[in-house]
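Remarks on the structure that follows.
The values are calculated or read from the model by the stated rules, or taken from the named source; none is laboratory data. In this text, all values refer to a predicted model and were calculated from it rather than measured experimentally. Virtual Cβ from ideal backbone geometry, glycine too; neighbours counted across all protein chains shown. Protein only, heavy atoms only, side chains kept; ligands, DNA and RNA dropped before computing areas. Shrake-Rupley method; radii C 1.70, N 1.55, O 1.52, S 1.80 Å.
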Amino acid sequence: MAARAVGFLAALPLCAQRSQVLRPIHRLFSCPGTAAEVKREERSSGSLETGSEDKTPKKKFSEVQKERREQAQRTVLIHCPNKISEKKFLKYLSQHGPINNHFFYESFGLYAVVEFRQKESITSLQNVTRTPSMGTEAAIPFKSRFFNLKTKNPSNPTSEQSSVQCSIHSPPSSKKLLELLCYAESIDDQLNTLLKEFELTEENTKLRYLTCSLIEDIAAAYFLDCTVRPFGSSVNSFGKLGCDLDMFLDLDEIGKFSTNKTSGNFLMEFQVKNVPSERIATQKILSVIGECLDNFGPGCVGVQKILNARCPLVRFSHQASGFQCDLTTNNRIALKSSELLYIYGALDSRVRALAFSIRCWARAHSLTSSIPGSWITNFSLTLMVIFFLQRRSPPILPTLDYLKTLADAEDKCIIEGHNCTFVRDLNSIKPSGNTETLELLLKEFFEYFGNFAFNKNSINIRQGREQNKPESSPLHIQNPFETSLNISKNVSQSQLQKFVDLARESAWILNQEDKDRPSSSGSQPWGLAALLLPSVMNSVCLAKKVRKKPASERIKNLLESIKSSGSENATSTDGKRTVSTQA
């Protein structure tokens, strides 16, 4: 009997899985033998020694972005049956052209990310793909690179089908992380272990660029030659597994022409619509894209158009990838900030290890939050780490002003009147001669900011030194490019004081003899692991609040009084409860 065909592809119906609750991607898979497996083995082979650097030439940020984007344009996303023969799956797709690499992951089912060697393979695959019949519902025909794979004879079981053997790429649980840290050999090893467990994997990074590329396909229906670029934590090398995907719609390439292609006495221009301001243009563009994503974008759910924000955006969940996405436009300064952090992260092996650990410490003590509010942000913490490393002797990181002096004519960049110039070639920046250990840097970070004069000084990575605060905000961290802005203006005095108190407590813990090295049993939290445990300070504060009975009694009486008054006002004369609709 002839072997049963693997299956056929169908364009994913737009209404599929909309009723399910979105969750972040927590399991990202890579099949044995792929490039991602090799990358994972390289990462687990050991950490760089303190201050040691990779001597191979380092790629520019723009080169990495271009390479990743070209990979994404040759890549498809396929929703697969839970039971599938990987060998037959790849054989079926290889009919359309050679495959560079692939991997599987789970998010509302099993998905495959497949990169072809040539773009033409995708066209060939699309030409044999059909729009599914939806029965009583109607499918909106949309030709994309997001497919649904079905088996032709699902009722016939076969021993050849099996679950795809995949590796899990999710950050460890808090319990597992503490175990890994407790059994590390040194505090330096602890910080490098945490970095390895939380940093974006090769597969996760590819999925982020693919998601942007799929959104670009939708936007290109209106704006030909547009580009959707990821920025922020997805590309700056400081992103952790599970972080949001920030992207911006770049329209700058539209309508550009080469002067050497024009001739004669005439100049041709496109006919366009005019609006009163660029902000209004941004709002109109994002409004249309938001409608497209909501109505026609496969896998795009929960679309919100937040157009009146300081930076208008469209927020949505990309269900297939599991990413929470924010789409903006004309946000080139944010991309430039991402490039700057990428450079700082690549200059020294200690930068990212220290930043990841500080951010993990902050999250463990609720200093940061995924909900907007008066908390310190991860971006602020990262700049604080960079500033601290600029203050070492000798400096581990150069100042932004110094990077500007190394820039050549090609590096010059002015965005909306702001000078965003700095050297982009990593190989032209001389490595630091500082050889301090991560253990020392972690202790010194907490001591430095535990005693920092936040009441009068601001943090400035452009000059790498404290400056007098230009305003009265509790915490002032100068925006590297929009220098009149304070990126931590949202932070309240109480949250800053909590940070200072915890920094002092952490410095004290690390200086205890029984906390700076593994215990004989190997099970007692020490070093970084000890810093991630609940704070003693919080327990003391809680105890003090409990002892303040007079104040508590006054607050209780006040609340009871308000409650009583509210009950009287909310009851009508006939005894029936009414509800006020006033704001």
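Could you sort out which of K456/K498; K152/K206; K60/K336; K59/K119; K58/K336 sit more than 22 Å apart by Cα distance in this structure?
On the way: K456/K498 18 Å; K152/K206 30 Å; K60/K336 13 Å; K59/K119 24 Å; K58/K336 18 Å.
Exceeds cut-off: K152/K206; K59/K119.
Computed over the Cα atoms, what is the radius of gyration of region 423-517 divided by 2.2 N^0.38 Å, N being its residue count?
Details: Rg = 16.3 Å, N = 95, 2.2 N^0.38 = 12.4 Å.
Compactness ratio reported: 1.31.
Using r as the Cβ-Cβ distance of K91 and N455, and R0 as 51 Å, what FRET efficiency do you calculate, to the nearest 0.05?
On the way: r = 68 Å, r/R0 = 1.33.
Taking R0 as 51 Å, the efficiency between K91 and N455 is 0.15.
Take every Cα pair under 8 Å in region 244-371 that's 6+ residues apart, average their separations, divide by the length, and report that relative contact order as a whole percent.
Here the relative contact order equals 25 percent.
Say R0 is 30 Å: what FRET efficiency, to the nearest 0.05, do K60 and I254 get from their beta-carbon distance?
Details: r = 24 Å, r/R0 = 0.81.
Result of the calculation: an efficiency of 0.80.
Can you send over the solvent-accessible area of H79, 1.4 Å probe, protein chains only, in Å² to the nearest 10?
H79 exposes around 30 Å² with every protein chain in place.
Check which residues have an amide H placed less than 5 Å from A139's amide H, if you skip close sequence neighbours.
M134
In region 361-458, what percent of the accessible surface is made up of carbon and sulfur (1.4 Å probe, ligands and nucleic acids excluded)? Walk me through the intermediate numbers first.
Details: 2210 of 4460 Å².
Heavy-atom surface of region 361-458 belonging to carbon and sulfur, 1.4 Å probe: 50 percent.
Measure out, as a whole number of angstrom, how far apart the alpha-carbon centroids of region 99-114 and region 480-514 sit.
Value for the Cα centre distance between the two parts: 41 Å.
Taking H placed 1.01 Å from N in the peptide plane, check which residues at least 5 places from H476 or on another chain put their amide H under 5 Å from its amide H.
Residues meeting the amide H criterion: I459.
Beyond 14 Å, what share of the Cα-Cα pairs of region 409-468 remains, rounded to the nearest whole percent? Show your work: numbers first, answer last.
On the way: 1334 of 1770 pairs.
Result for the distance tail: 75 percent.
Please compute the modelled spin-label separation between I306 and K196, points set 7 Å along Cα→Cβ, answer in nm with one decimal.
3.6
If r is the Cβ-Cβ distance from Q271 to A220 and R0 is 25 Å, what FRET efficiency results, to the nearest 0.05?
Numbers: r = 20 Å, r/R0 = 0.78.
Calculated value: 0.80.
For a quick protection proxy, order the peptides 211-222, 278-289 by their average other-Cβ count within 10 Å, most packed first. Let's see the in-between values first.
Details: 211-222: 19.8, 278-289: 16.8.
For the peptides 211-222, 278-289, the packing ranking is 211-222, 278-289.
Treat each spin label as a single point 7 Å out from the Cα along the C-beta direction, and report the S484 to Q467 distance in nm.
With each label point 7 Å from Cα toward Cβ, the separation is 1.4 nm.
Using θ = phi - 60° and the Karplus form 6.51 cos²θ - 1.76 cosθ + 1.60, what ³J(HN,Hα) does each residue of region 408-421 get, whole Hz, x for Gly and Pro?
These are the phi-based 3J(HN,Hα) values: 10, 4, 5, 7, 4, 8, 10, 10, 6, x, 9, 7, 10, 7 Hz.
What is the spin-label model distance, in nm, from S369 to E137 if the labels are put 7 Å beyond Cα along the C-beta direction?
Calculated label separation equals 3.6 nm.
Give me the percent relative contact order of region 393-463, please, defined on Cα pairs under 8 angstrom at least 6 residues apart. Let's see the in-between values first.
Details: 49 pairs, mean separation 27.3, N = 71.
The value is 38 percent.
Taking the full set of protein chains and a 1.4 angstrom probe, give the accessible area of D252 in square angstrom, rounded to the nearest 10.
Number for this one is 60 Å².
Please work out the average accessible area per residue across region 265-363, using the 1.4 Å probe convention, and give it in Å².
On the way: 4430 Å² over 99 residues.
Here the residues of region 265-363 average 45 Å² of exposed surface.
Expected output is a single nm value to one decimal: the length gained when fully extending between K150 and E278, i.e. 0.36 nm times separation in residues minus the C-alpha distance. What is it? Spell out each step's value before the answer.
Details: separation 128, 0.36 × 128 = 46.08 nm, distance 4.61 nm.
Gain on extension, K150 to E278, equals 41.5 nm.
Output the relative contact order of region 181-324, whole-number percent, from Cα pairs under 8 angstrom with separation of 6+ residues. Let's see the in-between values first.
On the way: 153 pairs, mean separation 24.8, N = 144.
Relative contact order comes out at 17 percent.
Taking a 1.4 Å probe, which of M247, M268 shows the most accessible area, and what order do the others take after it?
Descending order: M268, M247.
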